[in-house]
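Let me begin by presenting the structure, written as structure tokens, before commenting on it.
The values are calculated or read from the model by the stated rules, or taken from the named source; none is laboratory data. Only a predicted model underlies this, so the values are computations on that prediction, with no experimental measurement involved. Here the Cβ is made from the backbone with ideal geometry for all residues, glycine too, and neighbour counts use every protein chain on show. We work out accessible area using only protein heavy atoms, side chains counted, and drop any ligands, DNA or RNA first. Shrake-Rupley method; radii C 1.70, N 1.55, O 1.52, S 1.80 Å.
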Amino acid sequence: MYIAKCGTDGNFSEGEMVPFGPIALSPSSGVLNYGQGLFEGLKAYKKTDGSILLFRPEENAERMRTGAERMCMPAPSVEQFIDAVKQTVLANKRWIPPTGKGSLYIRPLLMGSGAVLGLAPAPEYTFIIFVSPVGNYFKEGLAPINLIVEDKFHRATPGGTGGVKTIGNYASVLMAQKIAKEKGYSDVLYLDAVHKKYLEEVSSCNVFVVKDNVISTPAIKGTILPGITRKSIIDVALSKGFQVEERLVSVDELLDADEVFCTGTAVVVSPVGSITYQGKRVEYGHQGVGVVSQQLYTSLTSLQMGQTEDWMGWTVQLN
């Protein structure tokens with residue numbers, strides 16, 4: 001794993017590769033007491049010729065910098081972030097699954113590691129990158145998920161931290177997710193905290209609604225995460241002649257949609273087979289995979305895996 005530290009001057013050390021294992025932290029570190037931490041997620045894929053591809057790592061680097069500013073943390077430069085990702089992937093390349101069998105998940109983590117008992121930014125920060133091989137999210141190709149719309153718990157509020165990838169955003173969704181899974185649902189779709197009628201996102205995915213030739217997704221307004229897969233799917237959809245709208249999307253539109261899907265690093269594109277809202281269940285495409293979801297999934301994954309020409313200039317090749 002890669003590790004670099006930053007003191008009060010705001011500059012990160014060069015960083016080094018060390019064996020993966022436990023790290024020492026003061027019991028009064030900022031991350032443990034006050035949740036001063038951020039993470040990212042991206043993947044490396046192995047091509048059939050043995051070369052390795054990263055997908056838009058500069059976007060993760062920029063997003064970490066944006067999040068760090070919100071959380072009063074220094075962040076590594078875009079260059080250091082990308083270099084650290086490359087070093088970590090190459091040091092772990094024996095763990096990258098063969099082409100088509102999965103990918104190497106990369107987890108950059110930035111945290112306030114310095115000791116701070118009073119509520120204040122930590123005096124020291126640690127930037128770590130570790131990896132894990134992961135299989136394909138869906139074993140039988142694309143599999144539709146069943147979501148329940150949550151109208152009691154909220155993931156984020158205006159002015160909060162819903163738009164950055166801070167660690168606390170994820171612990172707060174565990175309760176609603178646990179209840180949903182106990183009832184047999186795959187995950188939870190959250191509504192806005194103010195009007196309680198506009199879609200926000202799933203626990204760790206962005207959501208898209210398809211009606212005719214128009215694909216709509218909630219606009220980035222500070223309460224939902226600006227997903228990199230989300231951004232990429234929008235560009236792919238536009239290139240294929242779809243009309244894409246980023247705006248307020250109501251739960252009524254969701255229930256009236258032709259097709260619904262989610263996007264995220266882990267799933268890439270996840271078709272939604274059904275939505276349950278206030279006891280009413282709506283199914284899409286007879287629980288099959290929607291035509292639009294399939295088309296966008298195939299286009300993006302083939303580009304990410306290097307199976308088609310990277311006409312967007314999004315992949316970074318390592319040797």
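Some notes on this structure:
- Meets criteria (surrounded by fewer than 16 Cβ atoms within 10 Å (Cβ to Cβ) and touching a Ser or Thr at 6+ places or on another chain (Cβ under 9 Å)) for G30: no
- Criterion violated by I224 - all others in (1) open to solvent by 10 Å² or more (accessible area, probe 1.4 Å); (2) in a loop (DSSP other than H, G, I, E, B); (3) of a type outside the set (D, E, K, R); (4) assigned by the TED database to the domain that holds P158 satisfied: (1)
- Residue match in the stretch 183-191 (condition: touching a helix residue (DSSP H, G or I) at 6+ places or on another chain (Cβ under 6 Å), modelled with pLDDT of 95 or more and closer than 21 Å to P271 by Cα): yes
- Note on the stretch 100-140: among residues that are free of Cβ contacts under 8 Å to residues at least 12 places away in the same chain and within 25 Å of the chain's Cα centre (by Cα), the one that is nearest to P19 (Cα to Cα) is K139.
Yes or no, residue by residue, for (1) outside any strand (DSSP E or B); (2) touching a residue at least 40 places away in the same chain (Cβ under 8 Å); (3) within 17 Å of K280 (Cα to Cα):
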| position | (1), (2), (3) |
| --- | --- |
| A176 | yes, no, no |
| A180 | yes, no, yes |
| Y190 | no, yes, yes |
| K196 | yes, yes, yes |
| V210 | no, yes, no |
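- Residues in the stretch 268-284 that are without any contact (Cβ under 8 Å) to a residue 60 or more places away in the chain and open to solvent by 30 Å² or more (accessible area, probe 1.4 Å): G279, K280, R281, E283.
- Flag if P218 is open to solvent by 20 Å² or more (accessible area, probe 1.4 Å) and out of contact with any Pro (no Cβ under 8 Å at 6 or more places or on another chain): no
- Scanning the stretch 33-58 for residues that are under 25 Å from G160 (Cα atoms) and more than 18 Å from the chain's Cα centre (by Cα), we see that the one that is most open to solvent (accessible area, probe 1.4 Å) is Y34.
- Qualifying residue in the stretch 59-74 (condition: more than 15 Å from P133 (Cβ to Cβ), open to solvent by 20 Å² or more (accessible area, probe 1.4 Å) and in contact with a Cys (Cβ under 9 Å, 6 or more places away or on another chain)): yes
- Selection from the stretch 298-318 of residues that are open to solvent by 60 Å² or more (accessible area, probe 1.4 Å) and within 11 Å of L54 (Cα to Cα): Q317
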